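Q: There's a structure below that I have some questions on.
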Amino acid sequence: MQIAERVGSAKAAEMVFFSEPATAEQMRHWNVVNWVVDDAEFESQAAALATRLAEGPTKAFAATKALWRMQAEHGVKAAKAKLYDLSMPLFETEDARTALRNAAEAINAGKPFPTATFAGK
């Protein structure tokens, strides 16, 4: 079922019924996987991705995952109904206030948006 959501029902049926081997690059092209890396780079790429996620907006990630879960279990309408309740508190976090203030200051100074940093607060 999950593969059908990513590749579509026709491609999923083809994969199941014919069971032909697929390369990693084909799986990426079909949206089964997001990245393909060489074996020699796997550990460094995985560590870089983990660091990027850990340094990201963890509270926003949690809210996003809750919305995905709500949609999967109760449908789009239920997730849309919960969107406001889950997203509005994010604007009260120190991370959001800092990022918005820094963006506004950059705009006012005619500078490009700064890269936001997150502390999970």
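Q: Could you say which residue among E20, E43, E92 is over 16 Å from the mean Cα position of the chain (by Cα), modelled with pLDDT of 95 or more, of a type in the set (D, E, K, R) and exposed (fewer than 12 other Cβ atoms within 10 Å of the Cβ)? Steps first, please.
A: Working: E20 fails: modelled with pLDDT of 95 or more; E92 fails: modelled with pLDDT of 95 or more.
Result of the check over E20, E43, E92: E43.
Q: Take the stretch 1-24 and flag every residue that is of a type in the set (D, E, K, R) and either under 22 Å from A72 (Cα atoms) or in a helix (DSSP H, G or I) (or both).
A: E5, R6, K11, E14
Conditions (1) polar (S, T, N, Q); (2) out of contact with any strand residue (DSSP E or B) (no Cβ under 6 Å at 6 or more places or on another chain); (3) farther than 30 Å from Q2 by Cα, marked per residue:
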{"site": "F61", "(1), (2), (3)": "no, yes, no"}
{"site": "L67", "(1), (2), (3)": "no, yes, no"}
{"site": "A72", "(1), (2), (3)": "no, yes, no"}
{"site": "A79", "(1), (2), (3)": "no, yes, no"}
{"site": "D85", "(1), (2), (3)": "no, yes, no"}
{"site": "L90", "(1), (2), (3)": "no, yes, no"}
{"site": "T93", "(1), (2), (3)": "yes, yes, yes"}
{"site": "A104", "(1), (2), (3)": "no, yes, yes"}
{"site": "T115", "(1), (2), (3)": "yes, yes, yes"}
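Q: Which helices (runs of 4 or more DSSP H) sit wholly inside the stretch 35-117 and have at least 2 residues that are within 30 Å of E25 (Cβ to Cβ) and without any contact (Cβ under 8 Å) to a residue 24 or more places away in the chain? So that I can check it myself, show each step before the final result.
A: Details: elements: 42-54, 58-74, 76-87, 94-108.
Passing ranges, in order: 42-54, 58-74.
Q: Would you confirm, using the coordinates I've provided, whether M27 is in contact (Cβ under 8 Å) with a residue 12 or more places away in the chain and either within 30 Å of D95 (Cβ to Cβ) or in a helix (DSSP H, G or I) (or both)?
A: On the way: in contact (Cβ under 8 Å) with a residue 12 or more places away in the chain: no; either within 30 Å of D95 (Cβ to Cβ) or in a helix (DSSP H, G or I) (or both): yes.
Criteria not met by M27.
Q: Among the numbered criteria (1) within 17 Å of the chain's Cα centre (by Cα); (2) surrounded by fewer than 13 Cβ atoms within 10 Å (Cβ to Cβ), which single criterion is violated by V76?
A: Result: V76 passes all but (1).
The values are calculated or read from the model by the stated rules, or taken from the named source; none is laboratory data. This structure is a prediction, so every number in the text was calculated from the model and none was measured. Reconstructed Cβ throughout: ideal geometry from the backbone, glycine too, with neighbour counts over all protein chains shown.
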